[in-house]
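This report refers to the structure that appears directly beneath it.
The values are calculated or read from the model by the stated rules, or taken from the named source; none is laboratory data. Nothing here was measured: the structure is a model prediction, and the numbers come from that model. Counting neighbours? That spans all protein chains shown, and the Cβs are built from the backbone with ideal geometry, glycine included.
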Amino acid sequence: MITLALAFATGCFTLGLLLNLYRLVRGPRAADRILALDTMVINVIALIVLYGIWIDSQTFFEVSMLIAMVGFVSTVAYCRFILRGNIIE
Amino acid sequence: MSQLSEVAISALLVISGLFGLVGSWGLVRLRDTLQRLHAPTKATTLGVGGALLASMLYFALTHGQVSFHELMISVFLFITAPVSANFIAKTHMLHHVQPEELPPTGRATGWAGYEAAGQGEGSGN
Amino acid sequence: MLRRILPHPLLTLTLAVTWQLLVNTVTVGSVVLGLVLGLIIPVVTAPYWPDRPRLRRPVRIIEYAVVVIWDIIVANVVVAGIILFRRLDRIRTHWIAVPLDITTPEAITVLAGTITMTPGTVSAMLSADGRAILVHCLDTGDPDGVRDQIKARYERRLKEIFE
């Protein structure tokens, strides 16, 4: 039963990634694209965690932790670039 | 592993998948940028939270080892999600929302982002 | 003197515990390393965080966390319902200005984070003097009610914790 639920959740998050991709390409504003990228990062983290359960391994938590951090910093840097024109003042 | 824990893990996985999908769907469906901001910051965070909870339960029940990494990831996401949402809102507002569209502050000064650059920025976000 | 070695005792504790959770096993080495990190990082970052946050009633944090987590779950169901089933031209979006009674930056930061995580609201901006917060509400028929709820449910508790 867990296998089935895992497959379902993986399908949901993959579909979510595709929807994010639509918003990323479509825009229309810069804020929409940043938001889409931010959501993509979160969906990817979920996919990595699900993959960890799938192959029954705990090796991937460091990976998802790092992606979470890099995703957050890049979102903030992107916003800051648009707000101020540079990232580190 | 008992039947009950299997049902619990499966239910968590299904719920998290549904919420993740709804969050991404909201990003596509809603019409206004600021409305879209509401969809993913909420639904996706609970979606990932459910997946992490399921993973924690799974490894605790099948391998008997309690892992705190999932807890760390969810705490990190719960702390950072509001900050990135706030940044995205500010980015959008400064270019596409005029100060006249906003309600008055009820104070002598206006909203921080529209005052002279650099004043009050960074406090409380 | 103690203030220069330990600028933020709570931050030291948080860092040490976080390190333990990251390492995921408790050994003498990891405890020592966690404490060393917990001592060094607050000293190095002290210039960026000069004043010390005071917690008047730390026990109330648990009550606050339970209220917020419950509200986040409710928020998700409500927002999911709006996204899936509401007609797009029926979504009543409002800007709401919430006057603040709390003054410390830490309390305002926690309040802004809480507002963003809970039912259909995102905190967008502070007033220039830091005494009002601008909230974007996805769907409400009663903007004043939302404002009163934020003040009664979250701000009152934060005021008890921080001030």
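Which one of these is more than 30 Å from B:GLN35 (Cα to Cα), without any contact (Cβ under 8 Å) to a residue 12 or more places away in the chain, out of contact with any Leu (no Cβ under 6 Å at 6 or more places or on another chain) and not hydroxyl-bearing (Ser, Thr, Tyr): C:VAL77, C:VAL44, C:VAL66?
Details: C:VAL77 fails: more than 30 Å from B:GLN35 (Cα to Cα); C:VAL66 fails: more than 30 Å from B:GLN35 (Cα to Cα).
Of C:VAL77, C:VAL44, C:VAL66, the one residue that is more than 30 Å from B:GLN35 (Cα to Cα), without any contact (Cβ under 8 Å) to a residue 12 or more places away in the chain, out of contact with any Leu (no Cβ under 6 Å at 6 or more places or on another chain) and not hydroxyl-bearing (Ser, Thr, Tyr) is C:VAL44.
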Residues satisfying the stated conditions in the stretch B:61-101, i.e. among the β-branched types (Val, Ile, Thr) and not in a loop (DSSP other than H, G, I, E, B): B:THR62, B:ILE73, B:VAL75, B:ILE79, B:THR80, B:VAL83, B:ILE88, B:THR91
Number of the exception - A:LEU24 against (1) surrounded by 21 or more Cβ atoms within 10 Å (Cβ to Cβ); (2) under 13 Å from the mean Cα position of the chain (by Cα): (1)
Members of the stretch C:80-112 that are without any contact (Cβ under 8 Å) to a residue 40 or more places away in the chain and within 19 Å of B:ARG36 (Cβ to Cβ): C:ALA80, C:GLY81, C:ILE83, C:LEU84, C:PHE85, C:ARG87, C:LEU88, C:ASP89, C:ARG90
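Given the residues C:THR140, C:THR114, which is the only one that is within 11 Å of another protein chain (Cβ to nearest Cβ) and not aromatic (Phe, Trp, Tyr)?
Details: C:THR140 fails: within 11 Å of another protein chain (Cβ to nearest Cβ).
Only one candidate passes the filter, namely C:THR114.
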Residue in the stretch C:57-64 that is assigned to a helix (DSSP H, G or I), within 13 Å of chain B (Cβ to nearest Cβ) and at pLDDT 80 or above present: no
The listed residue being buried (at least 21 other Cβ atoms within 10 Å of the Cβ) and not aliphatic (A, V, I, L, M), out of C:GLY141, C:GLY81, C:GLY113: C:GLY113
Of all residues making up the stretch C:136-162, the number that are in contact with a helix residue (DSSP H, G or I) (Cβ under 6 Å, 6 or more places away or on another chain) and under 21 Å from B:ASP32 (Cβ atoms): 5
Some residue of the stretch B:18-31 being in contact (Cβ under 8 Å) with a residue 12 or more places away in the chain and farther than 20 Å from C:VAL74 by Cα: no
C:VAL67 being more than 23 Å from A:MET69 (Cα to Cα) and assigned by TED's automatic domain parsing to the domain that holds C:ILE150: yes
The stretch C:1-30 residues that are under 30 Å from A:GLN58 (Cβ atoms), paired with ones that are of a type in the set (Ser, Thr, Tyr) and at pLDDT 85 or above (beta carbon under 6 Å, 6 or more apart): C:VAL23/C:SER30
Residue tally, condition in contact with a strand residue (DSSP E or B) (Cβ under 8 Å, 6 or more places away or on another chain) and either without any contact (Cβ under 8 Å) to a residue 40 or more places away in the chain or not assigned by TED's automatic domain parsing to the domain that holds C:ARG92 (or both), over the stretch C:114-163: 14
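Could you list, in sequence order, all residues of the stretch B:1-39 that are β-branched (Val, Ile, Thr) and touching a Leu at 6+ places or on another chain (Cβ under 6 Å)?
B:ILE9, B:VAL28
Yes/no per residue for (1) buried (at least 18 other Cβ atoms within 10 Å of the Cβ); (2) more than 7 Å from every other protein chain (Cβ to nearest Cβ):
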{"residue": "B:LEU12", "(1), (2)": "yes, yes"}
{"residue": "B:PHE19", "(1), (2)": "yes, no"}
{"residue": "B:VAL22", "(1), (2)": "yes, no"}
{"residue": "B:ARG29", "(1), (2)": "no, no"}
{"residue": "B:LEU34", "(1), (2)": "yes, no"}
{"residue": "B:LEU46", "(1), (2)": "yes, no"}
{"residue": "B:LEU53", "(1), (2)": "yes, yes"}
{"residue": "B:VAL66", "(1), (2)": "no, yes"}
{"residue": "B:HIS92", "(1), (2)": "yes, no"}
Matching residues in the stretch B:1-10 - criterion: being surrounded by 14 or more Cβ atoms within 10 Å (Cβ to Cβ) and at the interface with another protein chain (Cβ under 8 Å from one of its Cβ atoms): B:GLU6, B:ILE9, B:SER10
Residues satisfying the stated conditions in the stretch A:43-69, i.e. surrounded by fewer than 17 Cβ atoms within 10 Å (Cβ to Cβ) and facing chain B (nearest Cβ under 7 Å): A:GLN58
Residue list for the stretch C:1-53, filter: over 25 Å from C:THR109 (Cα atoms) and among the small types (Gly, Ala, Ser): C:GLY29, C:SER30, C:GLY34
Only one of C:VAL74, C:VAL23, C:VAL17 that is surrounded by fewer than 15 Cβ atoms within 10 Å (Cβ to Cβ), of a type in the set (Val, Ile, Thr) and outside the structural domain of C:LEU126 (by TED's automatic domain parsing): C:VAL17
